[in-house]
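Read the structure below first, then the notes.
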């Protein structure tokens, strides 16, 4: 698990109250899902791609390769959710803190085209990413219990420095 995945998993645990969060779940020979979380009521499964690329989201050599890879990740996540969680609402989420305007617009088009009865697609990009991590920082500021989440523990330490 990398630090970005730990941030996202911590968000699900400490902000949304998810009790089950799994990291780096291998779904087939070609890939994995970075974070999987089950909603507190058990009705929704979140399947997250976490791309903590600080110089901007990029898979491969160009934007077209990035968009193709994200599309494939959504399709694989949808198939995985249908097979493993057939009675739950599936939500694919792309979490990325730095995404260009061009890619943001193109990803929004993919989001619209890929939303279906089998999977919902949500983009947590740029300011939305920042807002969600800010809400996690707010929880870290109020919570001093030791945790097994490295990113959340770091936020706790940083929020309690004197």
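The values are calculated or read from the model by the stated rules, or taken from the named source; none is laboratory data. This one's a predicted model, so the numbers in the text were calculated from it and none came from an experiment. We place every Cβ from the backbone using ideal geometry, glycine too, and count neighbours over all the protein chains shown.
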For segment 105-127, how many residues are in contact with a strand residue (DSSP E or B) (Cβ under 9 Å, 6 or more places away or on another chain), part of a helix (DSSP H, G or I) and closer than 30 Å to residue 159 by Cβ? 1
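For residues in segment 72-96 being in contact with a helix residue (DSSP H, G or I) (Cβ under 6 Å, 6 or more places away or on another chain) and without any contact (Cβ under 8 Å) to a residue 60 or more places away in the chain, which is farthest from residue 32 (Cα to Cα)? So that I can check it myself, show each step before the final result.
Of segment 72-96, the ones in contact with a helix residue (DSSP H, G or I) (Cβ under 6 Å, 6 or more places away or on another chain) are 74, 90, 92, 95.
Checking the rest, the ones that are also without any contact (Cβ under 8 Å) to a residue 60 or more places away in the chain come to 74, 90, 92.
Working: 74: 11, 90: 16, 92: 13 Å.
Among them, the one singled out is 90.
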Kindly indicate the residue of segment 10-20 that is touching a strand residue (DSSP E or B) at 6+ places or on another chain (Cβ under 7 Å) and closer than 19 Å to residue 120 by Cα and also surrounded by the fewest Cβ atoms within 10 Å (Cβ to Cβ) among those meeting that condition. 18
Among (1) farther than 14 Å from residue 147 by Cβ; (2) modelled with pLDDT of 95 or more; (3) out of contact with any strand residue (DSSP E or B) (no Cβ under 9 Å at 6 or more places or on another chain) - the single one residue 30 does not satisfy: (2)
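Could you go through segment 27-38 and let me know if any residue there is buried (at least 20 other Cβ atoms within 10 Å of the Cβ) and over 23 Å from residue 111 (Cα atoms).
Here is the first cut: in segment 27-38, the ones buried (at least 20 other Cβ atoms within 10 Å of the Cβ) are 33-37.
Now narrow it down to the ones that are over 23 Å from residue 111 (Cα atoms): none.
Within segment 27-38, not a single residue is buried (at least 20 other Cβ atoms within 10 Å of the Cβ) and over 23 Å from residue 111 (Cα atoms).
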